[in-house]
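Structure, as structure tokens:
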Amino acid sequence: MKLLNPPSRSIHKLDSLDLLCNLLGVKKGHLLFICYKRADEKKYKSFEIPKKRGGLRKIDSPQKGLRVIQQKLAELLTENLEFKPCVQGFIKGRGILQNAILHKKSNWVLNVDIKDFFGSINFGRVRAVFIAKPFEIHPDVATVIAQICCFNNYLPQGAATSPVVSNIVASILDNRIIKHVRSHRLIYSRYADDITLSAKRNFPREIAHVSDGRTIIGEDLANIFSRASFEINEKKSRLQSKYDRQEVTGLITNKKVNIPAEYKNKVRAAIYHWIQDPKEAERKYFIDILKLNPDEVELTEDGRKLKHNIYGRLSFIAMVKGKDDPTYVKLILKMAEHDKTPPKFLKSIKEEYKMYDVFLCHASEDKAAIVEPLYEALTKIGVHAFYDSKEIAWGDSLIETINKALIKSQYVIAVMTDNSVVKAWPQKEINAVLNGDISGGTKRLLPLIHGDKEKILNNNFLMSDKLYVVWQENPDEIAQKIKALLAS
């Protein structure tokens, strides 16, 4: 952590409450009244929300004037501070995705969770950290800052100041862990209470090891947490090899950063139920699944609360996987199809993904003899076909254009010849469609075979139960069959 000392808003060696009030843009009397005179029940509204992995999380939401003061103080502190690259939580430009990227393709990943992170940071710790270097703030001013930040002697989850203050307090822990693991060439990061250490080679046993299925944290590392006044949540400690599913802040990092299949399946299920009965789907999600109090959840008649929740989860998928990810596109288009009051961004997505009738999947060697004649025959009778030679221009992204076209096509004609079975790219396209079939997508793969049928089908065993058409230099006949399928 580094103190930046901006020229007009510096908090370095802040020595009077009047100066603090000037920086916050509040009157001293108003500040003191809210901090010391207003009753606790008027300062915060407390409630509980379910955690992702079970249990409840208490949220203390600041009210009215205190909320405004905390927001101003959080902005002031953020303006004065620069945190080390290892700090990934609550900082602009950093987050869950950036944190996961640091640890991808590792041989070993260690996850360590701090128990009751915000709750363990009390008034005395907050006051002390502002009195000490690099802040060197006058004790009386540090006392008021701690009073603004704390509630019932802890950092409240829900206060705007808690994220930045927790990072300030935890910077001592960051420094000590970095120093401790430096000689082992481990990568260290912290996202709030979620700490990750990864190794590209072997993981040092003295840092952590697995015994009888349990992850054991080394004594020296455990002592670093203890001396920094933090407690490890041993139940959540996990040392994962590259042969396990490695997760960092909820994302899979084995080969590339990915979203767990369970997450995508839950979004897919939520969309399905919302389409069937928006009101009932919303009730089930918030009351039955999240276990929220029915009296505190303001359910809607049209299910729009769940709809907004779904769009939020889809945005998360897009952030991690990109807006051209097939799963994201398929799900967002499903919402676009059924949402009568869609957000503005859906209009551009629907325009971008106008449908093709068919996608022609082929090896380059089969273009002249099969694909060209078939494309011409389809075009002649008004069937809109995607043919890479016609659709991909110089400078376009080959992978991006083809992935979009696969999603946009009602049918995929797989030209399967002795040439295509030994080519990686046609097989990749075919497998992408087959995966969609297996996961419940529309059965839309149409095999067109030319050559040694047994050899071709043996190389594509997943297609053994599909009917196919044999190419006999009959593009017009095949084009008519395709048109009939589209009409049905």
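At 0.36 nm per residue, and after removing the present C-alpha to C-alpha distance, how many nm does the segment from N107 to S315 gain when stretched out fully?
Using 0.36 nm per residue and subtracting the Cα-Cα distance, I get 71.9 nm.
Non-local amide H neighbours of E48 (under 5 Å, H modeled in plane, Pro and chain starts lacking H): which ones?
Close amide H contacts, sequence-distant or interchain: I59.
Which percent of the accessible heavy-atom area of region 132-233 goes to carbon and sulfur, probe 1.4 angstrom? Don't jump to the answer; show the numbers that get you there.
Working: 2000 of 4610 Å².
In region 132-233, the share of accessible area belonging to carbon and sulfur is 43 percent.
Under a 1.4 angstrom probe, counting protein chains only, how are D140, D194 ranked by accessible area, largest first? Display every interim value, and only then the final one.
Working: D140 100, D194 40 Å².
The ordering from most to least exposed comes out as D140, D194.
Please list 41-49, 71-79, 143-151 highest first by mean number of surrounding beta-carbon atoms within 10 Å per residue.
143-151, 71-79, 41-49
For S237, what is the net charge nearby, where nearby means another residue's Cβ is under 10 Å from its Cβ and Lys, Arg count +1, Asp, Glu -1?
Neighbour charge sum, excluding S237 itself: +2.
Of K279/K340; K58/K115; K404/K481; K200/K242; K27/K72, which ones are farther than 18 Å apart at the Cα?
Details: K279/K340 15 Å; K58/K115 14 Å; K404/K481 25 Å; K200/K242 10 Å; K27/K72 13 Å.
Where the Cα-Cα span goes over 18 Å, the pairs concerned are K404/K481.
Which residues in region 151-187 have a backbone N closer than 16 Å to a point placed 7 Å from the Cα of K58 along the Cα-to-Cβ line?
Within reach of a label on K58, which here means backbone N under 16 Å from a point 7 Å along Cα→Cβ, region 151-187 contributes 151-159.
With an 8 Å Cα cut-off and a minimum separation of 6 or more residues, compute the relative contact order for the chain in percent. Please report the intermediate quantities before stating the final value.
Numbers: 684 pairs, mean separation 58.3, N = 488.
RCO, the chain: 12 percent.
Can you compute the label reach from N293? Point 7 Å from Cα along the Cβ direction, backbone N cut-off under 20 Å, restricted to region 55-90.
Under 20 Å, as judged by backbone N against the label point of N293, lie 55-64 of region 55-90.
Starting from the 7 Å offset along Cα-to-Cβ, what nm value, one decimal, do you get for the label separation of F345 and D212?
For the pair F345/D212, the computed spacing is 4.9 nm.
Using the charge dipole of region 96-191 (Lys, Arg: +1 at Cβ; Asp, Glu: -1 at Cβ; taken about the Cα centre), state which of N175, Y188, H138 has its Cα farthest towards the positive end.
Y188
For labels at N175 and S389 in the simple 7 Å Cα→Cβ model, what's the distance in nm?
Modelled inter-label distance: 6.7 nm.
For region 124-134, what does the Karplus curve 6.51 cos²θ - 1.76 cosθ + 1.60, with θ = phi - 60°, yield as ³J(HN,Hα) per residue in whole Hz, taken in order and with x for Gly and Pro?
For region 124-134, the Karplus curve yields x, 5, 5, 4, 5, 5, 7, 6, 6, 5, x Hz.
Could you calculate the FRET efficiency of L467 with D116 from 1/(1 + (r/R0)^6), where r is the beta carbon distance between them and R0 is 41 Å, rounded to 0.05?
0.10
Under a Cβ-only charge scheme (Lys and Arg +1, Asp and Glu -1), can you give me the dipole magnitude of region 50-133 about the Cα centre, in debye to the nearest 20? Numbers along the way, then the final one.
Working: 17 positive and 6 negative charges, 50 e Å.
Here the size comes out at about 240 debye.
Which residues does the label zone of Q71 cover in region 148-171, counting backbone N under 17 Å from a point 7 Å along Cα→Cβ?
149, 158-164, by backbone N distance to the label point.
Using 0.36 nm times the number of residues separating A487 and N22, minus their current alpha carbon distance, what extension gain do you get?
Gain on extension, A487 to N22, equals 160.2 nm.
Roughly what % antiparallel, to the nearest 5, for the DSSP beta bridges in the chain?
Around 65 percent antiparallel, to the nearest 5.
Taking the Cβ-Cβ separation of L398 and A336 as r and a Förster radius of 22 Å, what is the calculated FRET efficiency to the nearest 0.05?
0.25
Using the heavy atoms of the protein chains alone and a 1.4 angstrom probe, what is the accessible area of the chain per residue in square angstrom? List each step's numbers first, then the result.
Details: 26270 Å² over 488 residues.
So the chain comes to 54 Å² accessible per residue, rounded to a whole number.
The values are calculated or read from the model by the stated rules, or taken from the named source; none is laboratory data. The structure presented is a predicted model; accordingly, all values stated were derived computationally and were not measured. Glycine gets a Cβ as well: all are built from the backbone with ideal geometry, and neighbour counts include every protein chain shown. Accessible surface is based on the protein model in full, side chains and every heavy atom, while ligands, DNA and RNA are left aside. Shrake-Rupley method; radii C 1.70, N 1.55, O 1.52, S 1.80 Å.
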